[in-house]
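S.K.: The following block contains the structure, expressed as C-alpha cells.
The values are calculated or read from the model by the stated rules, or taken from the named source; none is laboratory data. Since we're looking at a predicted model, the values are computed, not measured. Virtual Cβ from ideal backbone geometry, glycine too; neighbours counted across all protein chains shown.
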2 protein chains.
Amino acid sequence: MHLLLISNSTMAGEPFLEYSKDEIARFLSGRQNIVFIPYAAVTFSFDDFEAKVNRRFRDFGLSVKSIHRFENQVEAVETADAIVVGGGNTWNLVRHLHQNGLIEPVRRCVKAGTPYVGWSAGANVACPTMQTTNDMPVVDPLGFDTFGLVPFQINPHYTDRQIEGHGGETREERILEYLAANPKSTVVGLREGCMLNVEGGHVRYVGKNNLRLFINGRQPIEIEPDEDFDFLLKF
Amino acid sequence: MHLLLISNSTMAGEPFLEYSKDEIARFLSGRQNIVFIPYAAVTFSFDDFEAKVNRRFRDFGLSVKSIHRFENQVEAVETADAIVVGGGNTWNLVRHLHQNGLIEPVRRCVKAGTPYVGWSAGANVACPTMQTTNDMPVVDPLGFDTFGLVPFQINPHYTDRQIEGHGGETREERILEYLAANPKSTVVGLREGCMLNVEGGHVRYVGKNNLRLFINGRQPIEIEPDEDFDFLLKF
C-alpha cells in the first residue's frame with residue numbers, strides 16, 4: 001500500500017497545502033489519472049473544491065478530476081492512478097461514500113496498490129471508522145465504517161490546548177471517551193503540520209511535533225518524529 | 001411546559017453546577033420524586049454520576065434517583081415529579097435513550113407538564129435532533145432524533161474563540177455547515193454560563209453573555225440578555 005495521511009490542509013497563516021507540498025508532489029509524481037473525492041465539502045460546491053485543488057496541484061505539475069463528474073464512480077476508482085480525498089466535514093464525506101457505494105471499491109483498489117492521499121477528513125476515513133472525527137454530525141453518514149486502510153484510528157488536527165476558561169472537554173478527554181467505549185481501538189493523535197506515509201509495511205512520519213498515541217488502559221504515549229513508526233501497522 | 005436548559009455544568013475554576021444553582025433550586029423546589037438520566041457518562045459509572053449529582057443537589061434540599069436503577073424505566077419517567085438529564089457525551093446519552101425506549105415517554109411526559117432540567121448534552125437532547133453536539137461519536141446513537149421539546153437546536157458550550165494558530169473549523173463554521181445541510185433548522189449558540197427557562201409559551205434567558213442565533217441564509221444574530229426571547233418558540 002501507498003498512503004499519505006495528512007493531519008490538516010492549511011496551517012494558520014499559510015497557503016492551502018503548503019507544509020505538505022513536497023510530500024504530495026513526490027508521492028503523486030508522474031500520476032496522470034488522479035481522482036479527487038470532494039464530498040467533505042458542505043458550504044461550497046464540489047466543483048469549487050475540485051478547482052481549488054487543481055489550482056494548487058498545478059504548482060506540483062499535477063491535476064485531478066473530481067469523482068462527482070464521473071457517470072460511473074466505481075469505475076473511476078478502479079481505473080484511477082491515484083485517489084485524493086480532501087478535508088472538510090467527515091459526516092458529509094462518509095454519507096456520500098456510502099450513497100455512491102465507494103467504500104469497498106476504494107478499499108480494494110488501495111489495498112491492491114493505488115496510491116491514496118487524504119488530509120483531515122480524508123485521513124480520518126483511511127481508518128476503520130469515522131468515529132475519531134472532530135466534526136459536527138450535519139448529516140447521517142449511513143454507517144460509521146470507512147476504508148480501513150490502516151488498523152488504527154487517526155484524530156486529525158490533534159491539539160493539546162484548550163480555549164482558556166472553556167469548560168468543554170479537551171481533545172484528550174474526548175479520545176479517552178472513545179477508547180472507553182471502544183477499548184480494542186488505538187488512536188493516533190496527529191498534530192497539525194504532521195503526516196504519515198505508509199509504504200508497504202513501513203511507516204514514515206513527517207512532522208516537527210510528536211505523535212500522541214492512545215491505547216486503552218495506558219497513559220498516552222508521546223512518540224518523537226525520529227522514532228520507528230512501523231509498529232503502528234501491528235495494531 | 002417547564003424547561004431549564006443549561007449550557008454547561010461547570011465554569012472553569014468553579015464547583016459543579018455553581019452558576020446555575022439558584023435556578024435549579026427554584027425550578028425543582030418541592031419536587032420529591034426526581035428521576036436523573038446519567039447516560040451521558042462514559043469514563044465513569046452511572047452510580048458515580050448519580051452520587052455526584054446528589055452531593056450537589058443536597059445543597060438545594062433535593063435528591064435524585066438515577067433511571068438505570070429502575071426495573072421499568074418508562075414507568076420511572078411516567079411517575080417522575082421532574083426529570084434531570086446530565087451532561088457528558090451526547091452520543092452515549094442518545095444511544096441509551098433509544099435502547100431503553102425513553103425518547104417518546106420523556107417527550108410525552110414533559111409536554112404534559114413534568115419539569116425538565118438538562119445541562120450540556122442534557123440541553124442538546126431537548127432539541128429535535130442531537131446534531132448540534134460538540135462531542136465525539138464514540139458509539140452509534142441508533143438515530144439522531146431526540147426529545148424535540150423546543151423547536152430550535154441548541155449548541156451548548158458555544159464559543160466565539162478558537163485556539164490560537166489552530167487550523168480546524170471554528171464553532172461558527174461548524175454550525176454554518178449544519179445549517180447548509182439542514183436549512184430549515186435554527187440554532188441557538190448558548191454560551192457557557194447561560195441558560196433558557198421555558199414556562200408555557202414564554203422563554204426567560206439567564207446569563208451575562210448574549211445568545212447567538214443562526215438562521216440559514218442570514219448573518220448570525222446577537223441577542224442581548226434583556227431582550228424578548230419568546231420568539232424562539234415560533235421556529
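S.K.: I want to confirm something. Restricting to the range B:159-181 and keeping residues that are over 24 Å from B:Y19 (Cβ atoms) and modelled with pLDDT of 95 or more, which single residue is surrounded by the most Cβ atoms within 10 Å (Cβ to Cβ)?
M.R.: Within the range B:159-181, the match that is surrounded by the most Cβ atoms within 10 Å (Cβ to Cβ) is B:Y178.
S.K.: Quick one: which residue in B:R56, B:R69, B:R31 is of a type in the set (K, R), over 19 Å from the mean Cα position of the chain (by Cα) and under 24 Å from B:Y205 (Cα atoms)? Reasoning before the result, please.
M.R.: Numbers: B:R56 fails: over 19 Å from the mean Cα position of the chain (by Cα); B:R69 fails: under 24 Å from B:Y205 (Cα atoms).
Exactly one of B:R56, B:R69, B:R31 is of a type in the set (K, R), over 19 Å from the mean Cα position of the chain (by Cα) and under 24 Å from B:Y205 (Cα atoms), namely B:R31.
S.K.: Something else about it: So, in the range B:97-156, exactly how many residues are of a type in the set (S, T, N, Q), out of contact with any strand residue (DSSP E or B) (no Cβ under 7 Å at 6 or more places or on another chain) and not in a loop (DSSP other than H, G, I, E, B)?
M.R.: The number of residues fulfilling the criteria is 1.
S.K.: While we're on this one: Looking only at the range A:139-174, count how many residues are touching a residue at least 24 places away in the same chain (Cβ under 8 Å), facing chain B (nearest Cβ under 8 Å) and at positive phi.
M.R.: So the count comes out to 1.
Listed here are the residues, each with its yes/no results for (1) under 25 Å from B:R191 (Cβ atoms); (2) modelled with pLDDT of 95 or more; (3) surrounded by fewer than 24 Cβ atoms within 10 Å (Cβ to Cβ); (4) more than 14 Å from every other protein chain (Cβ to nearest Cβ).
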{"residue": "B:A25", "(1), (2), (3), (4)": "yes, yes, yes, yes"}
{"residue": "B:S29", "(1), (2), (3), (4)": "no, yes, yes, yes"}
{"residue": "B:F46", "(1), (2), (3), (4)": "no, yes, yes, no"}
{"residue": "B:K52", "(1), (2), (3), (4)": "yes, yes, yes, yes"}
{"residue": "B:L62", "(1), (2), (3), (4)": "no, yes, yes, yes"}
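S.K.: Checking the conditions here, which among B:D160, B:D226 is acidic (D, E), assigned to a loop (DSSP other than H, G, I, E, B) and in contact with a Gly (Cβ under 9 Å, 6 or more places away or on another chain)?
M.R.: That would be B:D160, the only listed residue that is acidic (D, E), assigned to a loop (DSSP other than H, G, I, E, B) and in contact with a Gly (Cβ under 9 Å, 6 or more places away or on another chain).
S.K.: Could you count how many residues in the range B:182-206 are within 12 Å of chain A (Cβ to nearest Cβ), surrounded by 20 or more Cβ atoms within 10 Å (Cβ to Cβ) and of a type in the set (G, A, S)?
M.R.: Selection size over the range B:182-206: 1.
S.K.: Here's something else I'd like to know. Please specify each residue of the range A:85-107 satisfying the condition of being crowded, with 22+ Cβ neighbours inside 10 Å, free of Cβ contacts under 8 Å to residues at least 60 places away in the same chain, of a type outside the set (V, I, T) and within 11 Å of another protein chain (Cβ to nearest Cβ).
M.R.: A:G88, A:N89, A:W91, A:N92
S.K.: Starting from the range B:1-26, keep only residues that are among the aromatic types (F, W, Y), then list their pairs with residues that are assigned to a helix (DSSP H, G or I) and surrounded by 21 or more Cβ atoms within 10 Å (Cβ to Cβ) whose Cβ atoms are within a distance under 9 Å, requiring at least 6 positions of separation or different chains.
M.R.: B:F16/B:V53
S.K.: A further question on this structure: Which of the residues belonging to the range A:27-59 are closer than 23 Å to B:R174 by Cα, touching a residue at least 12 places away in the same chain (Cβ under 8 Å) and part of a helix (DSSP H, G or I)?
M.R.: If the condition is that a residue be closer than 23 Å to B:R174 by Cα, touching a residue at least 12 places away in the same chain (Cβ under 8 Å) and part of a helix (DSSP H, G or I), then A:F46, A:D47, A:F49, A:E50, A:K52, A:V53 are the ones that fit.
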